[in-house]
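The values are calculated or read from the model by the stated rules, or taken from the named source; none is laboratory data. Predicted model, so just to flag it, every value in this text is computed and none were measured. Positions of Cβ are backbone-derived with ideal geometry, glycine not excepted, and every protein chain shown enters the neighbour counts. When the accessible area is computed, the model is the full protein with side chains, heavy atoms only, and any ligands, DNA or RNA have been set aside. Shrake-Rupley method; radii C 1.70, N 1.55, O 1.52, S 1.80 Å.
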Amino acid sequence: MEIANRLPHLIGSHQLRAQVNEMPLLNCQFLTGYREQRLAHLVLTFITMGYVWQDGEAQPKEVLPRTLALPLVEVSRNLGLPPILLHSDVVLANWATRNPGRPLEIRNLDPIVLFPGGESLRGFILVTVLVEKAAVPGIKALVQAVNAVLLPSPDSLLQALQQLRLSIQDITRALGQMHVVFWNLSLDSWTSTKAVLSTDYVDPDIFYAVIRIFFSGWKDNPAMPAGLLYEGVSKEPLHYSGASAAQSTVLHAFDEFLGVRHSKESADFLHRMRDYMPPSHRAFIEEIHSAPSLRDHILSSGNSQLLTAYNQCVEALAALRSYHLAMVTKYLITAAPKAKGRKTSHLPGPPQALEERGTGGTAVVRFLKSVRDKTIEAILHQSG
């Protein structure tokens, strides 16, 4: 925790590797309960990413010292998670409330561990926390809807589909806070109102040039083709994908429920990302997958209200994916040429090897367009 609390400074001053090399070998048996194990995975994986990428992609460390590798692999095995930074670390386990009695809003939240990237990284993590929070009613709606199909109860199913649509729309709104516009209104000497400032929670240039490398893994990454040797764990290097939004359970569950079928290439990648989720999340997706087909149920019911409500969910999901595609274009593709021309002196700099790839290793724009287009294809048409 001492190292984790100073991580941005230690990485920026190139002192992290020396600090890690002096770490004592930690004993995971002192961790009590699930929450402490999740905290340990969060802290150890953040330190691991900093250790590997401290000097940028030109000089990654290809051996993780045993003082870090052994406790990380042990706690990962206990949790059923891979020994690398995950979406469930960066987002799900990485927030605390300033005032526990107040709502979960960005002003009342702080990340627990950070990389370099300042307010932009803080914004990226906390906005993504709020995206996951916006999905909660949608996840609950899935459970209600699956039960409503089994009963069957058309009224309960209609209500659940309407709740799911609202939740997906709330997710899109929450995602919009990445580049929310603040209007500071001030009165000048002529007493006319003018807008003074607009800003993003997450600066695209900082995200691309400073933050993104720390989410990069050692699978499908040309900067680390051999993988990472976990000292004392394995004699051969291991290969793991970096943290990615595709590791969030939410859209996997929505796709399974709505019966969205992706192309083979996209589906293979998404299924691989399920290995990077907490086991209970994977099990939830499987449970939704094994439930009776919602599409078949709606078509055989002949209920036009249900068909309309289903299509509104699919349209909302396609709109969310279109919005995400636009954001990725802004934060990755448009920011890349700018970042190349402006090196931040003491930090690793932008990852050239992953230039048009997501941190999970996909060719990101092609992938996002494909999943959006396949979502649109799921829209149902009334037979006859």
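Per residue, the solvent-accessible area of the chain (1.4 Å probe, heavy atoms of protein chains only, all protein chains present) comes to 46 Å². By the rule of a C-alpha distance below 16 Å, with chain neighbours fewer than 8 residues away ignored, the aspartates and glutamates paired with K330 are D200, D203, D205, E355, E356. With both labels modelled 7 Å from their Cα along Cα-to-Cβ, the E265 to L25 distance reads 4.6 nm. For the chain, complete DSSP H runs whose alpha carbons reach 15 Å or more along their own long axis and whose mean Kyte-Doolittle score is 0.5 or higher are 118-134, 136-150, 304-328.
Straight Cα distances below 18 angstrom link K235 to the aspartates and glutamates E62, E74, with same-chain residues fewer than 8 positions distant left out.
Please state the shape class of segment 12-62: rounded when a/c is under 1.5, otherwise prolate if a/b exceeds b/c and oblate if not, all from the C-alpha gyration tensor. Because a/c hits 1.5 or more and a/b exceeds b/c, segment 12-62 counts as prolate. Each residue, R98 and T308, gets one label point 7 Å from its Cα in the Cβ direction; the gap between the two is 4.4 nm. When you work out D = kT/(6 pi eta Rh) for segment 241-319 at 20 °C and 1.002 mPa s, using the Kirkwood radius from C-alpha pairs as Rh and the Stokes-Einstein form, the result is 156 µm²/s. Would you work out what percent of the accessible area of the chain, with all protein chains in place, is carbon or sulfur (probe 1.4 Å)? C and S atoms contribute 55 percent here. What does the charge count near E256 come to, summing +1 for each Lys or Arg and -1 for each Asp or Glu among other residues with Cβ under 15 Å from its Cβ? Its environment carries a net charge of +1. Largest first and in whole Å, the equivalent-ellipsoid semi-axes of segment 70-144 read 23, 20, 11, each the square root of five times a Cα gyration tensor eigenvalue. Note on R35 and E377: the model spin-label points, each 7 Å out from Cα along the C-beta direction, lie 4.5 nm apart. A straight line joining the Cα centroids of segment 87-150 and segment 1-65 runs 23 Å. Here the translational diffusion coefficient of the chain follows from Stokes-Einstein with Rh set to the Kirkwood radius across Cα pairs; for 4 °C and 1.567 mPa s it amounts to 58 µm²/s. Mean sequence separation of contacting Cα pairs (under 8 Å, at least six apart), scaled by the length of the chain, corresponds to a relative contact order of 20 percent. Taking only the Cα atoms of segment 97-178, the ratio Rg/Rh comes out at 1.14, with Rh defined as the Kirkwood radius.
Put simply, the convex hull of the Cα atoms in segment 1-159 casts, on average, a shadow of 12.6 nm². With one equal scatterer per alpha carbon and no solvent term, the Debye-computed log10 I(q)/I(0) for segment 28-93 at 0.12, 0.27 1/Å reads -0.30, -1.20. Taking a sphere under 13 Å around the Cβ of H41 and counting the other residues whose Cβ falls inside, with K and R at +1 and D and E at -1, yields a net charge of 0.
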